[in-house]
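Okay, so here's the structure we're looking at.
The values are calculated or read from the model by the stated rules, or taken from the named source; none is laboratory data. What you see is a predicted model; the values in this text were computed from it and never measured. Reconstructed Cβ throughout: ideal geometry from the backbone, glycine too, with neighbour counts over all protein chains shown.
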Amino acid sequence: MCPRQWIDADLVPFAAMNADPEVTRHLTARLPRDESDWLAQRIRAHIDTRGFGLWSLDVPGPGFARFVGISPKVPFELPSAGIVAQPHEIGWRLGKAAWGHGYATEATLLALRHGFKALGLPQFVSFTAITNTASQAVMHRIGLTRREEFDHLRLAEGHPLRRHVLYAQDAPFAGTHPS
């Protein structure tokens, strides 16, 4: 498994992943090709500027399993006490062919170690729709602690994904995965 900077060849499979109804069922919307390309370029620019971000992830086998790492600071206030102002988010999105192989767990552990040890970040958060139990399981496996449920204020009242759950981990990272 190798996290890396994005390349132009990632755009087509990234767009297919972002348009896949199964992959995006816990997200607010599927992305059309132009929005997917814009997102990939924004992620690439963030890595170029800051040296970290949501890296593309090469894994064995077919399919696109890329979108793992450290997101820019969360651009809205989170509800939990003990959360630093504008924390960095640990995030991932995997194509279906990569599900169930432990890639999200392994890659996010690498990203957490990098964020805490190399970058000196004080805290990471991760959050998802309350219905996304697969991502919550990854959050638990990588050592994040469940903090609380909240309504995602960027989603309208009554939206089926409005209810979210917040997980967090403070430095120093004390995960159980071997170094």
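When the stretch 115-166 is limited to residues that are assigned to a strand (DSSP E or B) and of a type in the set (Lys, Arg), the one that is farthest from residue 90 (Cα to Cα) turns out to be 163.
Identify the residue in the stretch 124-163 that is among the small types (Gly, Ala, Ser) and under 19 Å from residue 100 (Cα atoms) and, among all such residues, is nearest to the chain's Cα centre (by Cα).
Step one: filter the stretch 124-163 for residues among the small types (Gly, Ala, Ser), giving 126, 129, 134-135, 137, 143, 156, 158.
With the extra rule that they be under 19 Å from residue 100 (Cα atoms), the set shrinks to 134-135, 137, 143.
Details: 134: 13, 135: 9, 137: 13, 143: 15 Å.
For the stretch 124-163, the residue satisfying everything is 135.
Name every residue in the stretch 20-35 that is closer than 28 Å to residue 51 by Cα, modelled with pLDDT of 90 or more, surrounded by 14 or more Cβ atoms within 10 Å (Cβ to Cβ) and not charged (D, E, K, R), in order of residue number. Within the stretch 20-35, 23, 24, 31 meet the criteria.
Could you tell me whether residue 30 is over 22 Å from residue 122 (Cα atoms), touching a Gly at 6+ places or on another chain (Cβ under 9 Å) and without any contact (Cβ under 8 Å) to a residue 40 or more places away in the chain? Judged against the criteria, residue 30 is not a match. For the stretch 15-40, a tally of residues being closer than 23 Å to residue 112 by Cα and part of a helix (DSSP H, G or I) returns 2. Per the conditions (1) assigned to a loop (DSSP other than H, G, I, E, B); (2) surrounded by 15 or more Cβ atoms within 10 Å (Cβ to Cβ); (3) without any contact (Cβ under 8 Å) to a residue 40 or more places away in the chain, the sole criterion not satisfied by residue 85 is (2). Take the conditions in a helix (DSSP H, G or I), in contact (Cβ under 8 Å) with a residue 24 or more places away in the chain and closer than 20 Å to residue 17 by Cα and apply them to residue 107. Does it pass? Against the criterion (in a helix (DSSP H, G or I), in contact (Cβ under 8 Å) with a residue 24 or more places away in the chain and closer than 20 Å to residue 17 by Cα), residue 107 qualifies.
In the stretch 118-140, the residues that are closer than 19 Å to residue 78 by Cα reach residues that are in a helix (DSSP H, G or I) with C-beta atoms within less than 6 angstrom, at least six apart or across chains, in these pairs: 121/115; 126/139; 128/135.
Consider the stretch 60-96 and keep the residues that are of a type in the set (A, V, I, L, M) and at pLDDT 85 or above. The one that is nearest to residue 40 (Cα to Cα) is 68.
All conditions but one from (1) at pLDDT 95 or above; (2) surrounded by fewer than 16 Cβ atoms within 10 Å (Cβ to Cβ) apply to residue 118; the one that does not is (1).
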